[in-house]
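To start, the structure under review is shown below, and the notes come after it.
Only the coordinates and a few stated rules stand behind these numbers; no lab work does. Here the structure is a predicted model, which is why all the values come from computation and not from measurement. Positions of Cβ are generated from backbone atoms using ideal geometry, with glycine treated the same way; all protein chains shown enter the neighbour counts.
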There are 2 protein chains.
Amino acid sequence: MTSDRPYHHGDLRAAVLAAAVDAIAESGPAGIRLRDLARRAGVSHAAPAYHFGDKAGLLTALAAEGFALLADDLQRTGEQTGSFHEVGVAYVRFAIGHPAHFAVMFQPDLYHPDDPGLLAARARADSALSSGIDALSDRQAGPDPGVAGTAAWSLVHGFATLWLTGALPGTSGARSGDDPEAVARAVVDLLFRA
Amino acid sequence: MTSDRPYHHGDLRAAVLAAAVDAIAESGPAGIRLRDLARRAGVSHAAPAYHFGDKAGLLTALAAEGFALLADDLQRTGEQTGSFHEVGVAYVRFAIGHPAHFAVMFQPDLYHPDDPGLLAARARADSALSSGIDALSDRQAGPDPGVAGTAAWSLVHGFATLWLTGALPGTSGARSGDDPEAVARAVVDLLFRA
DNA sequence: GACGGAATCTTTACACTGACTAGATTCCGC
DNA sequence: GCGGAATCTAGTCAGTGTAAAGATTCCGTC
């Protein structure tokens, strides 16, 4: 069985990560199989283990990539708009635009939660979100800025999660044509309408 | 190896469900193994399959049980207090009190989402939550009652999810001694303070 | 241009899992 | 107490994750 494909893939690490994103989009993070990802990338079944160690290592890399992308999005949005409303909407936009990453990021039992690269990426995302919240608290007459930040994060995170799960009536119901970003904006506005 | 335990377990279905709750609390829904649950219940490795068909069937039953418990909690709280604030807090209290159920309930890729029993239980929970939201909208001057309901649900769901994930600063940070229910109440109050 | 170590991938092997099947045991209505 | 139904066991199989050892290629250095 002499294949004509080269012995070295070129960028197998990225290819496996991309294949994982596809596989998760199809059947969720639980249905992911290392051997299937290897098949998709056109390599032997044990090749992914070289780059990620084990299955949890792969998902760790995926989660870290997700936190890094989220941090970039939030930071850029914060700098461009200076509005926490828009940072919140950007959070939802990221979740819906990268559902596979988002699903893995907030299931620490799937990966190695102490991985340094992951912790660094998550710290960046936390920082970008916090700075948006701080800017908000300045204008906000709330009693406790910590509570306001927790509320804001909970709101956008919950909305994104419920939307992705298909639990919201609008997702598969009568208002299925709704733009999630528009609904998210309305929801965020409601929280800070004072 | 003649065991002295009886051939019939008595209530294996409930025992397996209880073992699943324990196992999920230990290592998450992804780490659950049918053979391990059988060992915990003291039966042969294939016994659980008789009651649940397959692994997804077991998690379907667990999710249905969770939705039923949630519906009971929300309905009781709504009737006793008549306050949506308290219904929201009850939502959070359920999630933190039944983390294993909650984790499975909102991961439809783990179970059979079309199961009739599951759909019925979820419909009951949706109804209990909606009635609380309707009562809220009457007093609320919001533009769209649908938006207010989505916001409220998103808020409590997001808070519960983030708290269980350990993502909130208060969970493992300096304010780790905080009572989640008290924080939830403050967060819900913030949304509807007008 | 050639050498040699490092990086990358394949092959082989093994324990474990979920699922299926046939058979054993017990329960329960009549 | 008879007989079908319900419940559980035992055996089997394909598929999975992981580890170890070997094969192939890359790349800095001479």
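Using the Cβ-Cβ distance between A:ASP109 and B:ARG193 with R0 set to 56 Å, the FRET efficiency from 1/(1 + (r/R0)^6) comes to roughly 0.95. For region A:50-62, backbone phi angles converted through the Karplus equation (6.51, -1.76, 1.60; θ = phi - 60°) give residue-by-residue couplings of 4, 7, 10, x, 8, 4, 4, x, 4, 5, 4, 4, 5 Hz, Gly and Pro being listed as x. Highest mean first, the peptides A:110-123, A:49-62 sorted by other C-beta atoms within 10 Å per residue fall in the order A:49-62, A:110-123.
Given in Å, the Rg to one decimal and the Dmax to the nearest whole number for the Cα atoms of region A:56-191 are 15.1, 45.
Nearest chain B C-beta to the B/A rotation axis, reported as residue and distance in angstrom, is B:GLY158, 1. Label-point spacing for B:PRO116 across the identical copies (point 7 Å from Cα in the Cβ direction), in nm and ascending order: 5.8. Averaged over peptide A:108-115, the number of partner chain Cβ atoms lying within 10 Å of each residue's Cβ comes to 2. Summary for A:ARG13: label point 7 Å along Cα→Cβ; distances to the equivalent points in the other copies, ascending, 5.1 nm. Shielding value for B:38-49 is 0, the average number of Cβ atoms from other chains within 10 Å of each residue's Cβ. In this simple spin-label approximation, B:ARG76 and B:ARG39 carry label points 7 Å from Cα along the Cα→Cβ vector, and these lie 3.5 nm apart. Given Cα pairs under 8 Å that are at least 6 residues apart, what percent is the relative contact order of region B:8-166? Result for region B:8-166 is 25 percent.
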